[in-house]
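Engineer: The following block contains the structure, expressed as structure tokens.
None of the figures in this text is laboratory data; all of them are computed from the coordinates on show. This one's a predicted model, so the numbers in the text were calculated from it and none came from an experiment. Heads up, the Cβs are rebuilt from the backbone with ideal geometry, glycines too, and the neighbour counts pull from every protein chain shown.
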Amino acid sequence: MCGGTIIGKRTILTAAHCLDGRFGDFERIKIYFGAVDKSKSTETGQQIVIVEAGSYVIHEDWNLGKMSNDIALIKLPTDLEFNQYIQPAKLPKPNSLHVDKNAIVSGWGRVKGFVTTEHLQYTKVKTISNEKCKRIFNFDMKFLSHWLCVAPNEKRTCKGDSGGPLAERNPDGSSTVIGIVSFKTSLCSAKVPTIFTRVSYFLNWIAQHTNES
């Protein structure tokens, strides 16, 4: 289970580690759109699209050992129809740093007690600078500039949230996706920051692999 973000009528933004095969080979990808409760197929606004494995692009420099370039795109076979339940997120401006910003992270990852959930979860978080993150996030890996951190939070991301969005709400009610859930050094711990892939760093790469504006 992974999350993703609609960024165009045929394009979903997600994490490379969700699609690189380390969780096993798959023939198809089942994608839920407009869903809050995945267990209710008759839920108003919910749509399910099946895409063939291989209908995606993983960043060519994705490196699991370094957790670098953890970004991928899924290509849909037909256009999505946008409505009140299904809307694309905007992409951030180039070179946006997003320091000390309020944001929302969402997904169907494990919740309290590490149980899975069929209900979409979300929580408000605050981004922090890479310098502050380095001080809190004490580990041996090289800290990469295309990572984006949020402060440790009692309501944390967990397994199953990978690939999902870190988004800022705009005054007009739309959302801008600024990060992609990537990893934590301590699984599901509320005591360490969550590391996201910084979307603004990859705008050129996204543009190269999609014809959508």
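Engineer: Summing +1 for each Lys or Arg and -1 for each Asp or Glu, what net charge is found among the other residues whose Cβ lies under 13 Å from the Cβ of Glu43? It would help to have the intermediate numbers written out before the result.
Structural biologist: Values: positive: Lys38, Lys40; negative: Asp37, Glu118.
Net charge around Glu43: 0.
Engineer: Turning to a different aspect of this structure: For the stretch 86-136, what is the largest minus smallest coordinate of the Cα atoms on each principal axis, given in angstrom and ordered from greatest to least?
Structural biologist: Reported extents, whole Å, longest axis first: 35, 34, 13.
Engineer: Quick check for me: using +1 on Lys/Arg Cβ and -1 on Asp/Glu Cβ, what's the dipole size of the stretch 22-173 about its Cα centre, in debye to the nearest 20? Don't jump to the answer; show the numbers that get you there.
Structural biologist: Working: 22 positive and 18 negative charges, 139 e Å.
In debye, rounded to 20, the stretch 22-173 gives about 660.
Engineer: For the pair Thr123/Asn211, report the inter-label distance in nm, with labels modelled 7 Å from Cα in the Cβ direction.
Structural biologist: Between Thr123 and Asn211, the label points sit 4.2 nm apart.
Engineer: Turning to a different aspect of this structure: If packing is taken as the average number of other Cβ atoms within 10 Å across a peptide's residues, how do 157-169, 73-85 rank, most packed first?
Structural biologist: Values: 157-169: 23.5, 73-85: 14.0.
Top of the packing list down: 157-169, 73-85.
Engineer: Follow-up question, since we're still on this one. Determine the principal axes of the Cα atoms in the stretch 1-68, then give the extent along each, sorted from largest to smallest and rounded to whole angstroms.
Structural biologist: 41, 25, 20
Engineer: More than 19 Å apart: what percent of Cα pairs in the stretch 33-140 qualify? Could the numbers behind the result be given before it?
Structural biologist: Values: 3931 of 5778 pairs.
It works out to 68 percent of all Cα pairs.
Engineer: Moving on. Here are some pairs, Lys93/Lys142; Lys38/Lys93; Lys66/Lys132; Lys93/Lys184; which of them have Cα atoms lying more than 22 Å apart in this structure? Walk me through the numbers on the way to the answer.
Structural biologist: On the way: Lys93/Lys142 26 Å; Lys38/Lys93 32 Å; Lys66/Lys132 20 Å; Lys93/Lys184 26 Å.
With Cα atoms farther than 22 Å apart: Lys93/Lys142; Lys38/Lys93; Lys93/Lys184.
Engineer: How do Ile48, Ile29, Ile195 line up, fewest other C-beta atoms within 10 Å first? Kindly include the intermediate steps, with their values, before the conclusion.
Structural biologist: Numbers: Ile48 12, Ile29 20, Ile195 25.
So the ranking, lowest neighbour count to highest, is Ile48, Ile29, Ile195.
Engineer: For the chain, what is the mean residue ellipticity at 222 nm derived from helices alone (per DSSP H run of n ≥ 4: -39500 (n - 2.57); sum divided by total residues; nearest 500 deg cm²/dmol)?
Structural biologist: Details: 2 runs with 13 residues, N = 213.
Value at 222 nm, helices only, nearest 500: -1500 deg cm²/dmol.
Engineer: What is the dipole size for the stretch 78-142, taken about its Cα centre, with +1 at each Lys and Arg Cβ and -1 at each Asp and Glu Cβ, in debye to the nearest 20? Intermediate values should be presented prior to the final figure.
Structural biologist: Values: 11 positive and 6 negative charges, 95 e Å.
Roughly 460 debye for the stretch 78-142.
Engineer: Follow-up. So, in Å, what gap is there between the alpha-carbon centers of the stretch 24-52 and the stretch 193-213?
Structural biologist: So the separation of the two Cα centres works out to 23 Å.
Engineer: Please compute the Kirkwood hydrodynamic radius over the chain, one decimal place, Å, based on all pairs of different Cα atoms.
Structural biologist: The Cα-based Kirkwood calculation yields 17.4 Å.
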